[in-house]
Amino acid sequence: MCAQPISNEALSEVRNRIERDKIEYIFLECSDFHGISRGKVLPVDRFLENSEDGFSIPAMQLIRLPKGDIPPMSNLPLSEEFSDFTFFPDFSTFKVIPWRKGVASVLVDPYTVSGEPVGFFTRHVARHQIERLKDYGLSILSALEYEFSLLDSKTLLPIHSDSTGHWIKNFFDDWDHLTSIHKNLSSMDLVVEQIDTEGEEGVYEFPIKPSLGLKAGDDAYWLKKTVRELSQQKGYLASFSSKPFIHSSGVGGHFNHSLLDLEGKERLFYDVENPHKMSKIMQHWLAGLIRHAPAMLIFGCPTASCQRRFASPDRATPQYPDWGIDNRTCSFRVKNLTPEKTYIENRIFGSACNPYLTLAVNIAAGLDGILNEIPLQRMVKGNAHSVAHVLPGAHKFSGRLSDALWELEQDEVLRQALGEDFIRPYINAKKHECDRETEAYMKGDASFYDREYLAYL
């Protein structure tokens, strides 16, 4: 797949929007390994003049760690000079930013000088897996259910200290901010299903309507951007750290998804004849997710602090690769109400997950289950954390980044599906983070987790 030429129709439509909305500046944005926005801003005339030829952005932007530092890159496909890639705008993602007058944003994808997609760019990785689904006549309908913590931007403390969860009072304390987020998301064509206050200490959630294919990843990207920037204007820090404080509950990024036919019309997970209303495709897909769950952990909770969700879990954080029907204590919660409301909720993933890697790794694992007809293990009835319900030989999640990294290194199926061009630099970055975690432990630095990435994720 080479860089696609920009059509005159798409360029004309963007020109019309720029003129109509009096746009003066365009942000060129892309996602790094951790789903953090990277890129640059251009005056609108420079953007229009260079769109068809692409824009040069340093390759290093894609592999930075959350704080911006660059891990050592020996034996990786990047030159010592940190060469540029050519980024082309995907005009289907063009958004006018309602909270910044005269500003728009567009997602850009990097290509090599020969026009090939950059193998370690996470949006390309997701796109490749979606194309694999198409080869088998399948499409995926999904949405990421991101929670986030609202913190004071100066003290980095939660704006609420209560631990009640779902307390209506908090809505009214933050009403203007929450409704502003909703209105701005709606202006950017994201359909918010509800506004929820989750768990404790200023944790909120804006679940959005599922989308087909790559658009689900883009929607999640725009949601994070909107929440972060509007919170910044308010004097808050919106953190998507999956475990912001040692004492706090985990902050989820649950991945809800189902399979449809290639046209996106027929639902493939529901079978009225099955006792659990689960089709064979759904059972094999779920079995693939369970088999590869240990290797998925590093994508679901990608930093040492995020992995603490499993080291010190709350009642709703999974501990084993298991499944149950409407069971929040399991890694995979199955909903099976109607054909339209039958889906899988992957509860391994926390709020720091990259939306494109979330799409990619779930597809890769689920497809393996279908292609190899992996049998589905028995479901958990009751509390999955209870010893009485743990399946023999079950692999408990340790909560250590180094263990999650080891699992990925051993999983040949996921490695091959995601591609070595991606896997090598990703593992390299994770090894660097593991080294930093070890150094902190050696120094007895108990506060390392609380401050390392909190303000960046």
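The values are calculated or read from the model by the stated rules, or taken from the named source; none is laboratory data. Every value quoted in this text rests on a predicted model; they were computed, and no experiment measured them. Neighbour counts run over all protein chains shown; Cβ positions are idealised from the backbone, glycine included. All accessible areas refer to the heavy atoms of the entire protein, side chains included, with ligands and DNA or RNA removed. Shrake-Rupley method; radii C 1.70, N 1.55, O 1.52, S 1.80 Å.
Over segment 1-155, what per residue volume does the convex hull of the Cα atoms give, in whole Å³?
That works out to 173 Å³ per residue.
With a 1.4 Å probe and all protein chains left in place, how much accessible area per residue does the chain have, in Å²?
Spelled out: the 1.4 Å probe surface of the chain, per residue, equals 43 Å².
Find how many whole Å separate the alpha carbon centroid of segment 297-333 from the alpha carbon centroid of segment 90-105.
Measuring centre to centre over Cα atoms gives 35 Å.
Among 263-276, 390-403, 218-231, 35-48, how do they line up from the highest to the lowest mean number of other beta-carbon atoms within 10 Å? Before the final figure, lay out the partial values.
Values: 263-276: 13.7, 390-403: 15.3, 218-231: 21.9, 35-48: 17.1.
The most tightly packed comes first, giving 218-231, 35-48, 390-403, 263-276.
Looking at segment 294-403, send over the antiparallel percent of its DSSP beta bridges, to the nearest 5.
Of the beta bridges lying entirely in segment 294-403, close to 60 percent run antiparallel.
Let me know the charge dipole size of segment 336-457 about its Cα centre in debye, to the nearest 20, where only the beta-carbon of Lys, Arg (+1) and Asp, Glu (-1) is charged.
Using Cβ point charges on Lys, Arg, Asp and Glu, segment 336-457 gives about 420 debye.
Of the options N50, S12, F33, report the single residue whose Cα projects farthest towards the positive end of the charge dipole of segment 1-60 (beta-carbon charges: Lys, Arg +1; Asp, Glu -1).
It is F33, whose Cα lies furthest towards the positive end.
Normalise the Cα radius of gyration of the chain by 2.2 N^0.38 Å (N = residues in it) and let me know the number.
Its radius of gyration relative to the 2.2 N^0.38 Å reference: 0.95.
Could you order peptides 112-123, 349-360, 323-334 by the average number of other Cβ atoms within 10 Å of their residues, highest first?
My ranking of the peptides, most packed first, is 349-360, 323-334, 112-123.
From the backbone phi of segment 7-21, what are the Karplus-calculated ³J(HN,Hα) couplings (6.51 cos²θ - 1.76 cosθ + 1.60, θ = phi - 60°) in whole Hz, Gly and Pro given as x?
With the stated coefficients, segment 7-21 comes to 6, 4, 5, 5, 5, 5, 5, 5, 4, 5, 5, 4, 5, 5, 9 Hz.
How many Å³ per residue does the convex hull of the Cα positions in segment 359-438 occupy?
Normalising the Cα hull of segment 359-438 by residue number yields 134 Å³.
Could you order the peptides 58-68, 370-380 from most to least packed, using the average number of other C-beta atoms within 10 Å per residue?
In descending order of packing, they fall as 58-68, 370-380.
Going toward the positive end of the dipole of segment 256-411, with +1 on Lys and Arg Cβ and -1 on Asp and Glu Cβ, which of N336, V390, L357 do you reach last?
Value: V390.
DSSP beta bridges in the chain, what fraction antiparallel, as a percent rounded to 5? Can you show the working numbers first?
Values: 51 of 59 bridges.
So the antiparallel bridges in the chain amount to around 85 percent.
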